[in-house]
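Read-outs: derived from the displayed coordinates by stated rules, not from any lab. Worth saying up front: this structure is predicted, and the values here are computed from it rather than measured. Every residue, glycine as well, gets a Cβ built from its backbone with ideal geometry; the counts of neighbours run over all protein chains shown.
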Amino acid sequence: MAQLSCSDIQLNFGGVRALSGVSFEVQQGEIFAIIGPNGAGKSSMLNCISGLYHPQQGKVLYEDQDVTRLPPYERTKRGMARSFQNIALFKGMSVIDNLMIGRHLHQHSGLITGGLYYGPAQAEEIRHREYCEEIIEFLEIQSIRKSIVGTLAYGFQKRVELARALALEPKLLLLDEPMAGMNLEETEDMVRFILDTNEARGITIIMIEHDMGVVMDISNSVCVLDFGKKIAGGTPEQVQQDPNVIKAYLGDEDLEGL
Amino acid sequence: MRCGDFKTSYAADMSIFETRTARIMLAIFLCILFTLPFYTPGYVLDIINRIGIAIIGAIGLNILTGFTGQISLGNAAFMAIGAFSSGYLGTKLNLPFYLCIPLAGLITASFGMFVGIPSLRIKGLYLAMATLAAHFIVEFIIVKWESVTGGVAGLTIPTPKLGSFAIDSDARLFVLIFVIAILAVLFAKNLFRTKVGKAFVAIRDQAISAEVMGVNILKYKLLSFGISSFYVGVAGALIAYQAKIISPETFPVTVAIDYLGMIIIGGLGSILGSIYGAVFITLLPELLRMITTSLSGSFPELVNKLAAMKELIFGMLVIVFLIFEPNGMAARWHNIKNYWKLYPFSH
């Protein structure tokens, strides 16, 4: 049974149709890539899955539950996490505090216990701090753990965003262009982290990415969107051969009149 | 020789004070602070008391504006609610002060949360306008609701009594104010080391991703309004005990501006900054007065002019800080401290 299945998603902004009739299924434990030209509706699709947008039609089933109408934090509770295309970290906080926000749903200290601090709140803080430190080690960002996020270099910020999403202990991770704007070395690091996340932690990954080399290398299945419609789907090899995909990316082969 | 600041446990890493020296310095400071009433003249002690109250109020405003990012100009109104509810509870219901103060805080907190409801839809300048509107509504209610607030004439606050022990002098009031102020500082400091406080900061920095991370924006924004107003309400109640007579004019809108000035000059999003700001802004008019009186012999006409220049200097200071040190005195202090921390071998 698929971990996530989207069926016949339709999303309108006023008169603009961002998505029409998009359906796909994501299996437990796979790396699923959504690709397509600019404005194809990839980020809108991801926002429908994570709950920032609510589609007018269609259903998002997560672990056999209908989550189409649920707000984002309800989905986070059920095990979804995401990163954003334009880094959306808490810029005034340190790296470790950003990760600790990821532990928000796992923590239970309230206003009074937190304000008194010593006792249960401190024990809880230390416990979750240990969890965050594991992630910091996993993503190799020990040296910047106390830095204010807004002051970090772009590549680090992307990595911190992945770290923050992992701090949620997700079962399904949505990544919006994790490799955008990175140089080759940074991209290779990121690919390694994504693969490790997928294999060592068993987290299903849905990823939007423009770097076709990366997509074709690491994803198990690919869904191609163009003008809000799904034009192809399947393994990377199948998608590469698909005439619709070639047309969307490279244009028509026989342009008449030229 | 110390060559660095090394921690061996997460508990030590998350402690309020980084080093043992800092802890000892603070202990010494507190010892000196609590001996002040023995040798300080009444007038100076009165100013120190006002500083203590300002610290509580400034932390309250900083929780809301500096940490949660919700601009509020309703501060003076919240303070008035704290003062008048404590006054009402003390005079009409004859409750003792140790119940009046927390109850006044709670009443203000519930009102603050009510005013905070629009913050879910509006932010920034528009929220500032909404809270400013709340200020004038509160002012109007206080003037008109004579049976509770005494109207324009105001309320006369009874002397707080602990059994037969009357807190009637500045020295006794000093102890009351500073015990509360220290508790307020500690609570706030702890709050921002744990879940709730971090959620506030997350809302300030990135509301959308905070929501995706599982932070319930509605709950935490209202909670922030509640805690902030509780602090400000307690400060208001203490003002009432200090001033002994309160009227609607005790809490003009300029008080709200003063408090905004405190947290901007001290440092937005910093507890320490709230303290610096409160000390600075409360001392500013006193300093000006001192300068004018000492110069009045040689420049007699200066007295009138400098007194009128208080607002001007206040405004200029805010602008200077916004341009040269937008993170306030707390950030400056942090830099200076870091420079000297490992002196002379900083690497």
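Within segment A:82-129, can you find the residues that are under 28 Å from the mean Cα position of the chain (by Cα), facing another protein chain (nearest Cβ under 8 Å) and of a type in the set (A, V, I, L, M)?
A:Ala88, A:Leu89, A:Met93, A:Met100, A:Ile101, A:Leu105, A:Ile126
Inside segment A:18-43, can you point out the residues that are surrounded by fewer than 22 Cβ atoms within 10 Å (Cβ to Cβ) and either touching a Pro at 6+ places or on another chain (Cβ under 9 Å) or closer than 19 Å to A:Lys171 by Cβ (or both)?
A:Phe24, A:Glu25, A:Gln27, A:Gln28, A:Gly29, A:Glu30
Check every one of the strands (runs of 3 or more DSSP E) wholly within segment A:144-258 and list those with 2 or more residues that are surrounded by fewer than 22 Cβ atoms within 10 Å (Cβ to Cβ).
A:221-226, A:229-234
Test of understanding: among B:Ile264, B:Ile217, B:Ile246, which residue is within 20 Å of B:Ser274 (Cα to Cα) and either more than 14 Å from chain A (Cβ to nearest Cβ) or not small (Gly, Ala, Ser) (or both)?
Unique residue meeting the criteria: B:Ile264.
Whether any residue in segment A:133-156 is touching a Gly at 6+ places or on another chain (Cβ under 8 Å) and more than 11 Å from chain B (Cβ to nearest Cβ) is what I want to check.
Yes, segment A:133-156 contains at least one residue that is touching a Gly at 6+ places or on another chain (Cβ under 8 Å) and more than 11 Å from chain B (Cβ to nearest Cβ).
Got a number for residues in segment B:220-235 being within 11 Å of another protein chain (Cβ to nearest Cβ) and more than 18 Å from the chain's Cα centre (by Cα)?
1
Name every residue in segment B:192-208 that is assigned to a helix (DSSP H, G or I) and either over 17 Å from A:Leu105 (Cα atoms) or among the charged types (D, E, K, R) (or both), in order of residue number. Can you show your working first?
Filtering segment B:192-208 down to residues assigned to a helix (DSSP H, G or I) leaves B:195-205, B:207-208.
Listed by number, the residues that qualify are B:Lys195, B:Lys198, B:Arg204, B:Asp205.
Return yes when B:Glu249 is more than 20 Å from the chain's Cα centre (by Cα), in a helix (DSSP H, G or I), of a type in the set (Asp, Glu) and on the phi < 0 side of the Ramachandran plot and no when it is not. Spell out how you get there, then give the answer.
Values: more than 20 Å from the chain's Cα centre (by Cα): no; in a helix (DSSP H, G or I): yes; of a type in the set (Asp, Glu): yes; on the phi < 0 side of the Ramachandran plot: yes.
The answer is no for B:Glu249.
Looking at this structure, is A:Leu19 touching a residue at least 12 places away in the same chain (Cβ under 8 Å), away from chain B (no Cβ under 11 Å) and outside any loop (DSSP other than H, G, I, E, B)?
In short, yes.
Looking at B:Phe38, is it of a type in the set (Phe, Trp, Tyr) and not in a helix (DSSP H, G or I)?
So B:Phe38 does not fit the description; no.
Given (1) in a helix (DSSP H, G or I); (2) within 20 Å of the chain's Cα centre (by Cα), identify the lone condition not met by B:Gln70.
Of (1) in a helix (DSSP H, G or I); (2) within 20 Å of the chain's Cα centre (by Cα), only one is false for B:Gln70: (1).
Which of the helices (runs of 4 or more DSSP H) contained wholly in segment B:272-347 include at least 1 residues that are farther than 23 Å from B:Val185 by Cα and in contact with a Leu (Cβ under 7 Å, 6 or more places away or on another chain)?
Hits in segment B:272-347: B:302-308, B:310-324.
In segment A:47-81, which residue that is hydrophobic (A, V, I, L, M, F, W, C) and surrounded by fewer than 22 Cβ atoms within 10 Å (Cβ to Cβ) is farthest from the other protein chains (Cβ to nearest Cβ)?
A:Leu61
Just wondering, is there one or more residues in segment B:169-183 that are closer than 23 Å to B:Leu103 by Cβ, more than 10 Å from chain A (Cβ to nearest Cβ), among the charged types (D, E, K, R) and more than 15 Å from the chain's Cα centre (by Cα)?
The answer is yes, given that some residue of segment B:169-183 is closer than 23 Å to B:Leu103 by Cβ, more than 10 Å from chain A (Cβ to nearest Cβ), among the charged types (D, E, K, R) and more than 15 Å from the chain's Cα centre (by Cα).
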